[in-house]
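Notes follow the structure.
The values are calculated or read from the model by the stated rules, or taken from the named source; none is laboratory data. Everything numeric in this text was worked out from a predicted model, so none of it was measured. Glycine also receives a Cβ, built like all others from the backbone with ideal geometry; neighbour counts cover every protein chain displayed. Note: areas computed on protein heavy atoms with side chains; ligands, DNA, RNA excluded. Shrake-Rupley method; radii C 1.70, N 1.55, O 1.52, S 1.80 Å.
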Amino acid sequence: QVQLVESGGGLVQAGGSLRLSCAASGRTFSSYAMGWFRQAPGKEREFVATISRTGVNTYYADFVKGRFTISRDNSKNTVYLQMSSLKPEDTAIYYCAAELGRYYYTAADDFGSWGQGIQVTVSS
């Protein structure tokens, strides 16, 4: 497994932007597909975005298409989530996840390694 640590969360006004980072330990980061999920109070954890191990393939939840961008820098063992045009309904704890694989995954159960999560709050 890989150890994951998220950073970059915080409070932002609606319409603003934030960039989340997820730093991974270990020397095999480039072997992992990565994903971002979120969980709002009283709701189940939901898929946000995922990226293949090379970064070539990405996939997004419909509610973030055109607003969020997932990317990765394998030389830095880091995956990013650039969030723009933020809405109050984007308020949640955001989690980074990793799983060995050639392509990518969209289900939480497919990921074996998780970060501790980071709070993102969007004020109206």
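Can you work out which of the residues in segment 32-42 that are under 13 Å from the mean Cα position of the chain (by Cα) and closer than 17 Å to A92 by Cα is surrounded by the fewest Cβ atoms within 10 Å (Cβ to Cβ)? The extreme case among them is Q39. Just to be sure, is L81 surrounded by fewer than 20 Cβ atoms within 10 Å (Cβ to Cβ), within 29 Å of S124 (Cβ to Cβ), touching a residue at least 24 places away in the same chain (Cβ under 8 Å) and among the aliphatic types (A, V, I, L, M)? For L81, the condition - surrounded by fewer than 20 Cβ atoms within 10 Å (Cβ to Cβ), within 29 Å of S124 (Cβ to Cβ), touching a residue at least 24 places away in the same chain (Cβ under 8 Å) and among the aliphatic types (A, V, I, L, M) - is not met.
For segment 101-121, the criterion of being within 28 Å of G15 (Cβ to Cβ) and of a type in the set (D, E, K, R) is met by no residue. Restricting R45, R72, R19, R53 to residues that are of a type in the set (K, R), open to solvent by less than 60 Å² (accessible area, probe 1.4 Å) and at pLDDT 95 or above narrows the list to R72.
Under the condition of being assigned to a loop (DSSP other than H, G, I, E, B) and among the hydroxyl-bearing types (S, T, Y), which residue from segment 84-121 is most open to solvent (accessible area, probe 1.4 Å)?
Here is the first cut: in segment 84-121, the ones assigned to a loop (DSSP other than H, G, I, E, B) are 84-87, 91, 101-107, 111-112, 115-117.
Next, from what is left, pick out any that are among the hydroxyl-bearing types (S, T, Y): 84-85, 91, 103-106.
On the way: S84: 37, S85: 63, T91: 35, Y103: 121, Y104: 52, Y105: 61, T106: 60 Å².
Among those that are assigned to a loop (DSSP other than H, G, I, E, B) and among the hydroxyl-bearing types (S, T, Y), it is Y103.
I'd like to check which strands (runs of 3 or more DSSP E) are fully inside segment 23-75 and have at least 1 residues that are acidic (D, E), under 18 Å from Q116 (Cα atoms) and touching a residue at least 40 places away in the same chain (Cβ under 8 Å). Even if it seems obvious, please write down each step before you answer.
Values: elements: 32-39, 46-51, 58-60, 68-73.
Here the list is empty.
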